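**Q** So that we are looking at the same thing, I have put the structure below in structure tokens.
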Amino acid sequence: MKILVTGGAGFIGSHVVDACLAAGHQVWVLDNLSSGHRENLNPGAEFVQMDILDSAVEQVFKRERFNLVSHHAAQIDVRKSVADPAFDARVNVLGGLGILSLCARYGVRKVIYASTGGAIYGIPRELPAGEDHPIRPLAAYGVSKHCLEHYIELFSDLYGLEYTILRYANVYGPRQDPHGEAGVVAIFIGRILSGTVPAIYGDGEQTRDYVYVADVARANLLALDGGNSQVLNIGTGVETSVNELYRKILRRIPTPLEPRYSPPRDGEVSRISLGCEKASRLLGWSPEVPLDKGLAQTVEYFREVHQSALSPTIRSCE
Ligand SMILES: NC(=O)c1ccc[n+]([C@@H]2O[C@H](COP(=O)([O-])OP(=O)(O)OC[C@H]3O[C@@H](n4cnc5c(N)ncnc54)[C@H](O)[C@@H]3O)[C@@H](O)[C@H]2O)c1
């Protein structure tokens with residue numbers, strides 16, 4: 001298949017690109033490098049440096065006639081979405097809608113959309129939250145990510161565009177940006193390795209569902225052919241508190257550094273985990289990498305990056 005991965009120079013997108021190439025597909029990456037990095041790019045993929053909002057994206061669709069589009073490009077910073085919801089909507093809603101329109105116009109068979117399960121259910125009524133849990137985001141990011149889900153379903157009805165919507169939990173692993181605002185695993189490891197005190201917002205007892213990036217890439221690979229017309233949570237169903245996560249990381253990188261506790265931040269839920277029985281039943285997917293193993297591999301990756309004093313985003317991840 002000819003596959004376009006938007007956001008393919010980013011953390012998750014680059015792993016999806018690797019998985020698609022390894023499976024023998026032809027892959028294009030469209031990314032404006034706003035939070036992605038050239039170092040993440042798989043040399044086997046064709047790279048187009050472009051904003052999804054740029055009108056020239058149409059020429060790429062017209063020329064290449066992709067079979068499938070994996071839409072990962074997004075504004076992912078929850079705090080930024082609270083501070084500037086219009087910017088967040090421009091990228092995540094209008095940018096995404098532009099991509100969908102081009103899919104419909106240029107005969108793309110299917111779109112796989114990287115949505116979020118961590119940021120759309122709001123304060124959970126029950127845990128783990130299933131896909132039919134009420135949608136009540138606490139931040140503009142969750143609203144914009146969910147909004148595109150509606151457009152995707154509409155485009156499926158109007159134009160027969162096939163889709164799978166994957167609602168990710170908290171994804172972690174190699175290549176996540178340790179300097180970003182999202183991605184507590186990478187931020188903790190990056191700070192501990194460089195000897196800076198990590199911040200924990202709130203009392204640290206808030207929980208998240210951490211899913212390893214290789215498992216997420218595998219879900220994307222299965223969705224190339226499976227999970228049609230489905231919305232599927234991609235997580236582990238397991239809650240881990242931020243304090244517990246910190247202790248687990250400390251076991252791998254001993255440090256006398258004590259985290260600094262700061263006031264909780266707006267727009268963040270206090271507990272979340274995702275029920276993934278539907279992905280197991282309809283996609284044949286369930287997570288394979290337990291948190292301790294995934295953390296060990298992630299620490300190993302960042303140690304290598306740190307020691308080689310390269311940029312924090314070298315490609316290797318094994
Ligand atoms: N990381 C998570 O835990 C998580 C959880 C749920 C959903 N997601 C979704 O997964 C996707 C990838 O997230 P990530 O964590 O890899 O983030 P990331 O920031 O590493 O990747 C996003 C990529 O999109 C690119 N991009 C951003 N705006 C763009 C634009 N206007 N035009 C072209 N490219 C643009 C960035 O340069 C970057 O390479 C996003 O859609 C995000 O909403 C991530």
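Laboratory data are not the source of any read-out in this text; all were calculated from the coordinates shown. All values reported here derive from a predicted model rather than from experimental measurement. Note that we place each Cβ from the backbone using ideal geometry, even for glycine, and neighbour counts take in every protein chain shown.
**Q** Whole-Å semi-axes of segment 65-139's equivalent ellipsoid, largest first, each the root of 5 times a Cα gyration tensor eigenvalue? Don't jump to the answer; show the numbers that get you there.
**A** Numbers: eigenvalues 139, 62, 14 Å².
Semi-axes (√(5λ), whole Å): 26, 18, 9.
**Q** Which far-off residues, 5 or more places away or on another chain, put their amide H under 5 Å from the one on ALA129, with H placed in the peptide plane?
**A** The answer is SER273, LEU274, GLY275.
**Q** In addition: Sort 282-292, 176-186 by packing, meaning the average of other beta carbons within 10 Å per residue, with the highest value first. Mind showing how you got there, number by number?
**A** On the way: 282-292: 16.9, 176-186: 19.3.
Output ranking for 282-292, 176-186: 176-186, 282-292.
**Q** Where does segment 1-103 land on the Kirkwood hydrodynamic radius, alpha-carbon pairs, in angstrom? All intermediate terms of the calculation are to be shown ahead of the outcome.
**A** Working: mean 1/r = 0.0730 Å⁻¹.
With all distinct Cα pairs of segment 1-103 included, I get 13.7 Å.
**Q** Taking the Cα-to-Cβ direction at LYS293 and at LEU53 and moving 7 Å from each Cα, how far apart do the two end points lie in nm?
**A** Going by the 7 Å Cα→Cβ label model, 4.2 nm.
**Q** Here's another thing I want to ask about it. Give me THR207, THR255 ranked fewest to most by other Cβ atoms within 10 Å of their Cβ, as a rough exposure proxy.
**A** On the way: THR207 20, THR255 13.
Arranged by neighbour count, lowest to highest, THR207, THR255 become THR255, THR207.
**Q** Round to a whole angstrom and tell me the spacing of the C-alpha centers of segment 1-55 and segment 119-148.
**A** Result: 27 Å between the Cα centres.
**Q** Can I ask one more? Listing THR164, THR196 from the residue with the fewest other Cβ atoms within 10 Å to the one with the most, what is the order? Display every interim value, and only then the final one.
**A** Numbers: THR164 26, THR196 11.
Ranking THR164, THR196 by Cβ neighbours within 10 Å, fewest first, gives THR196, THR164.
**Q** How high is the FRET efficiency from THR240 to HIS179, r the C-beta distance, R0 22 Å, rounded to 0.05?
**A** On the way: r = 23 Å, r/R0 = 1.04.
So the FRET efficiency works out to roughly 0.45.
**Q** Tabulate in residue order the Karplus-calculated ³J(HN,Hα) for segment 254-263, using 6.51 cos²θ - 1.76 cosθ + 1.60 with θ = phi - 60°, rounded to whole Hz; enter x for Gly and Pro.
**A** Here the 3J(HN,Hα) series is x, 8, x, 5, 9, x, 9, 8, 10, x Hz.
**Q** For segment 176-269, which trypsin sites (Lys or Arg not before Pro) are in a loop by DSSP, counting at most 15 other Cβ atoms within 10 Å? Let's see the in-between values first.
**A** Details: sites: ARG191, ARG208, ARG218, ARG247, LYS248, ARG251, ARG252, ARG260, ARG265; in loops: ARG265.
Within segment 176-269, the qualifying trypsin sites (Lys or Arg not before Pro) (loop, at most 15 other Cβ atoms within 10 Å) are ARG265.
**Q** Given only helices, namely DSSP H runs of n ≥ 4 each adding -39500 (n - 2.57), what is the per-residue ellipticity at 222 nm of the chain, to the nearest 500 deg cm²/dmol? If you can, show how the numbers build up before the last one.
**A** Details: 11 runs with 118 residues, N = 318.
Calculated from helices alone, the mean residue ellipticity at 222 nm is -11000 deg cm²/dmol.
**Q** Report the antiparallel proportion of the DSSP beta bridges in segment 2-308 as a percent, rounded to a multiple of 5. It would help to have the intermediate numbers written out before the result.
**A** On the way: 2 of 38 bridges.
Approximately 5 percent, going by the DSSP bridge assignments.
**Q** Pull up the cross-link candidates among the aspartates and glutamates for LYS293, meaning alpha carbon to alpha carbon under 20 Å and not fewer than 8 places away within one chain.
**A** Filter leaves ASP177, ASP209, ASP215, GLU239, GLU244, GLU304, GLU318.
**Q** Next up: Given labels modelled 7 Å from the Cα in the Cβ direction, how far is it in nm from TYR159 to ARG265?
**A** 3.5 nm
**Q** Let me ask you something else. May I ask which of LYS2/LYS248; LYS145/LYS278; LYS110/LYS145; LYS110/LYS278 have a Cα-Cα span longer than 30 Å here? Walk me through the numbers on the way to the answer.
**A** On the way: LYS2/LYS248 41 Å; LYS145/LYS278 20 Å; LYS110/LYS145 18 Å; LYS110/LYS278 20 Å.
Too far apart for the 30 Å limit: LYS2/LYS248.
**Q** Also, I was wondering about something else. For segment 2-308, give the magnitude of the charge dipole about the Cα centre (Cβ charges: +1 Lys/Arg, -1 Asp/Glu; no others), in debye to the nearest 20.
**A** Charge dipole, segment 2-308, about its Cα centre: 240 debye, nearest 20.
**Q** Once the Cβ-Cβ distance between LYS2 and SER286 is put in as r, and R0 is 41 Å, what FRET efficiency do you end up with, to the nearest 0.05? Provide the component values of the computation, followed by the final result.
**A** Numbers: r = 29 Å, r/R0 = 0.71.
E(calc), rounded to 0.05, equals 0.90.
**Q** With labels modelled as points extended 7 Å from the Cα through the Cβ direction, what inter-label distance (nm, one decimal) is found for TYR201 paired with ARG251?
**A** 2.7 nm
**Q** Sorted by average packing, counted as other Cβ atoms within 10 angstrom per residue and highest first, what order do 43-56, 94-107 take? Walk me through the numbers on the way to the answer.
**A** On the way: 43-56: 14.9, 94-107: 18.5.
Descending packing order for the listed peptides: 94-107, 43-56.
**Q** Still on this structure, I have one more. Residue by residue, what Karplus-based ³J(HN,Hα) values in Hz, rounded to whole numbers, does segment 183-196 have, using 6.51, -1.76 and 1.60 with θ = phi - 60° and x for Gly and Pro?
**A** Those phi angles translate into x, 4, 4, 5, 5, 4, 5, x, 5, 4, 5, 8, x, 9 Hz.
**Q** If you take all C-alpha pairs in the chain, what percent of them are over 32 Å apart? Each step should come with its number before you reach the end.
**A** Values: 11287 of 50403 pairs.
So the pairs more than 32 Å apart make up 22 percent of the total in the chain.
**Q** Run the numbers for ARG303 and GLU39: contour at 0.36 nm per residue of separation, minus the present Cα-Cα distance, in nm. Write out the running numbers ahead of the final one.
**A** Values: separation 264, 0.36 × 264 = 95.04 nm, distance 1.70 nm.
Here the answer is 93.3 nm.
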